[in-house]
Amino acid sequence: MRRQRAAFGDAGPGALDAAPIAFADSAPRVAGMTESLGVDKAAAVEAPIHELLAQRWSPRGFDASRDVSPADLSSLLEAARWGASGGNTQPWRVLVARRGSEDHARVFATLAPGNQLWAGAAPLLIVMLAKTAFPDGKPHPSAEYDAGHAAALLSIQAEALGLSVHQMGGFDKPRLAEEFGLDADLLPKAVIAVGYLDPVADLPEQLAARERAPRTRMALSEFILNP
Ligand SMILES: Cc1cc2nc3c(=O)[nH]c(=O)nc-3n(C[C@H](O)[C@H](O)[C@H](O)COP(=O)(O)O)c2cc1C
């Protein structure tokens, strides 16, 4: 398998037509490389991909002293808003919880203990929910798929803004639904920790080791069923 760096400069002429998007207002990105971790977290790609995709990873070390600006939060939600969805029904909803708020405490309390070890440092917890029924009560066939798609766009927008995202499925969904009095058709799918990476965060050694570990994936040939 040919492994190559994903950065545009390394992709070869004509590999990608699009120039990297400049985000004038965004914070400087730590990119996938985290010098303090001593490891390059960028994807080892089999084909060139946009650097926002290659550099994204899910850290556990968040800088608790650095807030996400209201403007950046708006951009994250705007990115999700423009996701594709079955029939343009947009069957996702979010709960936004800022660190220090009552809602944050309520969301945090639902996290699995292993996630509570690190996720509290992130200045934002965003709950992504799927609206699984239409107003007439009929089930929405693509609600969960669409909500995941919206979350993916949010993640990439975060990367573009110099933010890191770590999605979590490890939380008590019935408890969260009860806490927020959610309608039965609103399914909490993920809690998304958002903030700035802290490469020297004080993490338990087991988690610190996962921060340093290279990112891995199955080969393209393993998930293409009809190569
Ligand atoms: C739906 C979903 C649920 C996840 N749940 C958790 C979780 O509960 N705790 C955790 O530490 N990471 C969780 N993750 C993060 C994955 O472990 C991570 O994305 C995966 O290991 C790949 O690593 P990368 O995102 O750095 O490439 C979750 C990711 C997704 C998309």
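For region 106-210, the relative contact order works out to 39 percent when only alpha carbon pairs closer than 8 Å and six or more residues apart are counted. Excluding same-chain neighbours fewer than eight residues apart, the aspartates and glutamates reachable from Lys189 by a Cα-Cα span under 18 Å are Asp103, Glu144, Asp146, Asp172, Glu178, Glu179. With a Förster radius of 25 Å applied to the beta-carbon distance between Glu102 and Glu78, the computed FRET efficiency rounds to 0.50.
Between Arg210 and Glu178, the simple label model (points 7 Å from Cα in the Cβ direction) yields a spacing of 2.6 nm. Between Leu53 and Ile156, the modelled labels are 0.7 nm apart [label points 7 Å from Cα along Cα→Cβ].
Read the figures in this text as sums done on the coordinates, not as results from a lab. Please read all numbers here as calculations on a predicted model, not as lab measurements. Using ideal geometry, Cβ is built from the backbone for each residue, glycine included, and neighbour counts are taken over all protein chains shown.
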